[in-house]
Amino acid sequence: MRGTKEGGVDIFGFLEPAQFLHPAIWKRAKLRVFCQVKKGRISEQQVRQFKNDMNDLAHDRGRAYSLLPAEMKTLSQGSLGGLFTAQGFTAGADKYGRESGFFLVDPQRIIEVLIATHTDIPGLIVQRKLVLDARTLIEFLERSKY
């Protein structure tokens, strides 16, 4: 779900680990996922602020918490936090983010995931083979903007 850009949350949703991991261990587990998305390079200060925002969510407070759907408010299981950037992370941001348990996603990581999952993306991956057609890829990405 798209966030309101309030309280440091741009995207939020649920993750059910049993869809990806062994269901005997993860049966009925459901995690809240909160993400922040930036166009520019992410600094350590921005990661520290996101950690504060995540702490507020974990303690049922803050502007972002007040805007969450009821199901997300009542979920008592854990939360994951992630940061997405179009231009990478500073060294301090990368180190602090990983130490804080966040998943960090830059353009290189997105491409790695798409290749590893064999996801067909027009202009990039076709029938599980890496093919770069810049014009087609750019057109696809421009149509995909929300």
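Just so it is clear, none of the values below were taken in a lab; they were calculated from the coordinates. This structure is a prediction, so every number in the text was calculated from the model and none was measured. Reconstructed Cβ throughout: ideal geometry from the backbone, glycine too, with neighbour counts over all protein chains shown.
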Next item on the list: Which order do the peptides 131-140, 95-104, 42-51 take when ranked by the mean count of other beta-carbon atoms within 10 Å per residue, highest first?
Entry: 42-51, 95-104, 131-140
Next item on the list: Apply 1/(1 + (r/R0)^6) to the Cβ-Cβ distance of L80 and E44, taking R0 = 25 Å, and write down the FRET efficiency to the nearest 0.05.
Entry: 0.80
Next item on the list: Would you please put 16-29, 52-65 in order of how densely packed they are, using the mean number of other Cβ atoms within 10 angstrom per residue and starting with the highest?
Entry: 52-65, 16-29
Next item on the list: Let me know the shape class of segment 2-105, please: from the alpha-carbon gyration tensor, a ≥ b ≥ c as square roots of the eigenvalues, rounded when a/c is under 1.5, otherwise prolate if a/b is greater than b/c, or oblate.
Entry: oblate
Note to self: Using a Förster radius of 41 Å, what is the FRET efficiency between F20 and A134 based on their Cβ-Cβ separation? Nearest 0.05, please.
What the structure shows: 0.80
Notebook entry, point to check: What share of the DSSP beta bridges in segment 1-106 is antiparallel, in percent to the nearest 5?
Noted result: 40 percent
